[in-house]
1. Going by a ≥ b ≥ c, the root eigenvalues of the Cα gyration tensor, does region 101-153 fall in the rounded group (a/c under 1.5), the prolate group (a/b larger than b/c) or the oblate group?
2. Using 0.36 nm times the number of residues separating THR280 and ALA80, minus their current alpha carbon distance, what extension gain do you get?
3. I want to check the label-to-label distance for ARG223 and GLN121. Put each point 7 Å from Cα in the C-beta direction and report it in nm to one decimal.
4. Have a look at GLY174, GLY222, GLY365 and tell me which one the Gaussian network model of the chain (Cα, springs below 10 Å) gives the largest fluctuation.
5. If amide hydrogens are placed 1.01 Å from N in the peptide plane, which non-local residues have theirs closer than 5 Å to the one on PHE176?
6. Could you work out [θ]222 nm for the chain from helices alone, using -39500 (n - 2.57) per DSSP H run of at least four and dividing by all its residues? Round to the nearest 500 deg cm²/dmol.
7. At what distance in nm do the modelled label points of ASN364 and GLN340 sit from each other, each positioned 7 Å from its Cα along Cα→Cβ?
8. Could you tell me the calculated FRET efficiency between ASN198 and ALA327, based on Cβ-Cβ distance and R0 = 56 angstrom, to the nearest 0.05?
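Bear in mind these aren't lab numbers, they're just calculated from the coordinates by the rules spelled out. As the structure is a prediction and not an experimental result, all values here were calculated from the model. Cβ coordinates were reconstructed from backbone atoms using ideal geometry, including for glycine residues, and neighbour counts include every protein chain displayed.
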Amino acid sequence: MSFTTIKHAFIGLLIVLVLAIVLIRQTYVEFEAFPDRSSMPMLASTEMELVTHLPMPPGNIAVAANGDIFFTFHPEAQPAINVAKLVEGEAQPFPSIDWQPGGAEPYAFNEVLSVRIDQQQRLWVLDNGKHGLEKVRLFAFDSVTGEMKQRYTFSRAEFALGSHANDFQISQDGNFIIISDASILGKTPALVVYDVQNNTARRLLEQHESVVAGKFEPVVQGRKMTIFGLFTVNPGVDGLVLDANNDYLYYASISADKLYRIPYANIIDANLSNDELSATVEVVAEKTMTDGMAMDPQGNVYLSDLEHSAIVRMLPSGELQTLLKSASIRWPDGFSFGPQGHLYFTCSSLHQVIGNSAGVIKKNGPYQIYRFMPPAVITEDTE
């Protein structure tokens, strides 16, 4: 290869890099500060019960009916063990070490953030395929024996390159799973519905206003969420929950200032066009800068408040109540109710993880899983 060819290739690469930087700046810059919707916490921070310390940041969490605790180590920290079960305070690989990234199992995980348990006590594991570089996959395991019960590999039409299969919810009957594609790199966020019985999937509401990122810049414990000072981490639709009766799916992106909902019956209706489906999306209320999300049987939505190191509760009326606030709550991420009514949550500390070296991540440890008992709902009508 001649010097001229090398020079032209270098110039071409430089042009592409400059164009990419311009595009990134156009896409990510000019954010606003998120409104402060926090209030005095209803609970003292001492009401937070430490479940365990961990050497690496946890991602999401799922608590079984028998109290078993399953969780992920957040893939952004590149952990050796990705999916784990807490056994006597220690993280044990689940279903085995062979299933962890690079393991001997033929279907070994690539990169897992989210896990959920259904009514049949199967642990569902969502492998996002390294932000869609590999194909996204969904697994179901017997939560007791670890036996794989179901597996599905999504097509590129369902999760494209640059997608980010982030979180998911399972219907009460276990027949459908709704997944959020935050599309951090691809910038085409959407919802994906997986039909468990027919082993098929559909992509919905792509780039609808309810699934795109908001115009607000996340600032967590003093750090603006930028990578290499170049672009802001601002994913599309992230957290989502189904109410107890499966009447509505509630969802939002982290930086959106509103929570949305859509009738569950419409989500699973394959006969509805995207336009017809879009027309049934509703704004619920204004929310916080939210990652983790959960819902109790009374219809109260529990949200993380990333910018204020807090956990808040949204009542069916839309009123926000700050329940906990503590500097120890470092990026509250995955939420799961336990069998006794405790709300478990992970602190993924992503503001101390993204863009940092393994040494810095280790230095910022240990990392925590907490739980607390939500207080009784007090409104103006009950005072």
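1. Working: a/c = 2.25, a/b = 1.55, b/c = 1.45.
Here region 101-153 falls in the prolate category.
2. Numbers: separation 200, 0.36 × 200 = 72.00 nm, distance 4.27 nm.
Stretched fully, the THR280-ALA80 segment lengthens by 67.7 nm.
3. 3.9
4. In this elastic network of the chain, the residue with the biggest mean-square fluctuation among GLY174, GLY222, GLY365 is GLY222.
5. SER171, VAL196
6. On the way: 5 runs with 45 residues, N = 383.
Mean residue ellipticity at 222 nm (helix-derived): -3500 deg cm²/dmol.
7. Calculated label separation equals 3.2 nm.
8. Working: r = 47 Å, r/R0 = 0.85.
So the FRET efficiency works out to roughly 0.75.
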